[in-house]
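Novice: Take a look at the following structure, please.
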């Protein structure tokens with residue numbers, strides 16, 4: 001029953017987005033996304049794509065989604081997270097050998113806004129996940145470390161406390177204390193290098 005309600009809600013939100021957004025994308029139903037779905041397909045289909053946690057495609061789509069949410073307009077956006085292992089020299093040889101065949105990895109998430117709350121939905125290893133949040137907050141921050149290779153980051157994070165700061169979220173992430181973490185989901189990240197925007 002829960003799965004049925006999620007599907008009905010998704011169809012309603014897709015219809016709402018199509019009517020209200022100037023950027024209209026006819027997404028394939030989530031259950032019909034092929035198992036061999038690729039990075040190139042995600043870009044061609046108009047998903048908001050992140051490669052190793054940095055946006056590389058779909059900025060206009062994201063901007064439209066953000067605008068609609070700020071206007072209180074029900075809408076949805078599909079996000080693709082693509083990960084590679086990168087340079088083998090950055091890993092212990094044993095770890096790299098153990099993990100290399102698992103990459104690249106591509107995860108697809110749907111983010112819905114019903115006019116009041118946000119729902120992040122995805123399926124991973126046949127298990128459905130659905131998270132509901134009250135707010136989507138934008139954070140523009142300088143790096144927490146002096147050794148960071150970027151000069152600024154922009155993050156959109158789902159939270160239930162509208163007063164929470166990025167510093168509080170970050171402290172919770174790095175804390176070793178049980179229960180110190182703040183419930184959140186980062187759905188968008190953009191890194192700015194040097195003076196370029």
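Novice: What distance in nm separates the simple spin-label points at residue 117 and residue 130, each placed 7 Å from Cα in the Cβ direction?
Specialist: 1.0
Novice: If you don't mind, another one. For an R0 of 25 angstrom, estimate the FRET efficiency from the Cβ-Cβ distance between residue 177 and residue 70 and round to the nearest 0.05. Mind showing how you got there, number by number?
Specialist: Working: r = 35 Å, r/R0 = 1.39.
Computed FRET efficiency for residue 177 and residue 70 comes out at 0.10.
Novice: How big is region 135-197 by the Kirkwood estimate over distinct Cα pairs, in Å? Mind dumping the intermediate values first?
Specialist: Details: mean 1/r = 0.0795 Å⁻¹.
Taking the inverse mean of 1/r over all distinct Cα pairs, region 135-197 comes out at 12.6 Å.
Novice: Which FRET efficiency value, to the nearest 0.05, is calculated for residue 142 and residue 91 with the Förster distance at 22 angstrom and r the Cβ-Cβ distance? Before the final figure, lay out each step's value.
Specialist: Details: r = 28 Å, r/R0 = 1.27.
Efficiency, from the Cβ-Cβ distance: 0.20.
Novice: Provide the gained length on full extension for the span residue 41 to residue 149, in nm with one decimal, where the gain is 0.36 nm per separating residue minus the Cα-Cα distance. Provide the component values of the computation, followed by the final result.
Specialist: Values: separation 108, 0.36 × 108 = 38.88 nm, distance 2.94 nm.
Extending this stretch completely gives an extra 35.9 nm.
Novice: Between region 118-197 and region 44-105, what's the alpha-carbon centroid distance in Å?
Specialist: Taking the Cα centre of each part, region 118-197 and region 44-105 sit 14 Å apart.
Laboratory data are not the source of any read-out in this text; all were calculated from the coordinates shown. Note that the coordinates shown come from a computational prediction; the quantities given were computed from them, not determined experimentally. Positions of Cβ are generated from backbone atoms using ideal geometry, with glycine treated the same way; all protein chains shown enter the neighbour counts.
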